[in-house]
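The values are calculated or read from the model by the stated rules, or taken from the named source; none is laboratory data. If you're wondering where the values come from, they're calculated on a predicted model, not measured in any experiment. In this analysis, Cβ positions are derived from the backbone assuming ideal geometry, glycine residues included, and neighbour counts consider all displayed protein chains. Side chains are part of the model used for accessible areas, which takes the heavy atoms of the whole protein and leaves out ligands, DNA and RNA. Shrake-Rupley method; radii C 1.70, N 1.55, O 1.52, S 1.80 Å.
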Amino acid sequence: AIGDQLIAISSSGPHSNGYSLIRHIIDQKNLDVHEEIEGQTVASRLMAPTKIYVKAILELIKTLEIKAISHITGGGITENLPRVLPKECCAHINLRSWQQPMIFDYLAKHGGVDASEMLRTFNCGVGLILCVSADSLDAALESLKEQGETAWHIGSIGSRNDKAVVYSE
C-alpha cells in the first residue's frame, strides 16, 4: 500500500546470481581471483554461500505483519521487487541508504558495467527486501538487529507513474 516502508537485509555476496557476467568479466580482463578485497580473495567473496533468511523472517512475523517479501536474486532489485507490488504502486529506493560491498564495485569497474545494469543483474548487497507498514518500521528494524541481521530502511511505496522501481540518491 502507498506509504508502506521498505527494509533491506544484507546479502552475503552475489548469491549464485550473475555468474555468466562475472565469468565474462574475469575471463575478458584476465583478472586474478586470488587478489584480495578487504582481507579476502576475490574468489572467496564471489563464492560466499548464499545467505538464508528463514529464521529472521519467522521470528519477525511473530510480532508484526510483513506485507511483502522480495528475494533479490537474478534480475536484482529492478526486476524482483516489482513482482510483489500491486500494479498501482511504485517502490522508491534510496541508493544512499547502504554502502554497496566492494566486490560489486570491483565487478562494475573491471567489467565496465553501469549502475543501472548492476542493479538489474546483481543484488548489490541487498539480499531481501521486506515491506511493512510505516508504524512497524522501527520495531522490524530492531527485531532484525537483535537477530544479528544487517538491516536498514531502504525506501518506501508510492503511487506508480511509469516505472515500478524508482532510484534516488
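Structural remarks
- Among the residues of the range 121-169, just one is among the basic types (Lys, Arg) and modelled with pLDDT of 95 or more, namely Lys145.
- Taking the numbered list (1) in contact with a Leu (Cβ under 8 Å, 6 or more places away or on another chain); (2) in a helix (DSSP H, G or I) in turn, Cys131 passes all entries but (2).
- Some residue of the range 85-105 being in contact (Cβ under 8 Å) with a residue 40 or more places away in the chain, under 24 Å from Thr63 (Cβ atoms) and over 17 Å from the mean Cα position of the chain (by Cα): no
- Taking (1) in contact with a strand residue (DSSP E or B) (Cβ under 8 Å, 6 or more places away or on another chain); (2) open to solvent by less than 50 Å² (accessible area, probe 1.4 Å); (3) in contact (Cβ under 8 Å) with a residue 24 or more places away in the chain; (4) not in a helix (DSSP H, G or I) in turn, Val33 satisfies each apart from (3).
- For the range 45-79, taking the residues that are in a helix (DSSP H, G or I) and closer than 18 Å to Gly158 by Cβ, the one that is most open to solvent (accessible area, probe 1.4 Å) is identified as Thr78.
- Across the range 134-167, the number of residues qualifying as closer than 28 Å to Arg45 by Cβ, in contact with a Leu (Cβ under 7 Å, 6 or more places away or on another chain) and hydroxyl-bearing (Ser, Thr, Tyr) comes to 1.
- Qualifying residue in the range 1-15 (condition: touching a Phe, Trp or Tyr at 6+ places or on another chain (Cβ under 9 Å), at pLDDT below 95, assigned to a loop (DSSP other than H, G, I, E, B) and on the phi < 0 side of the Ramachandran plot): no
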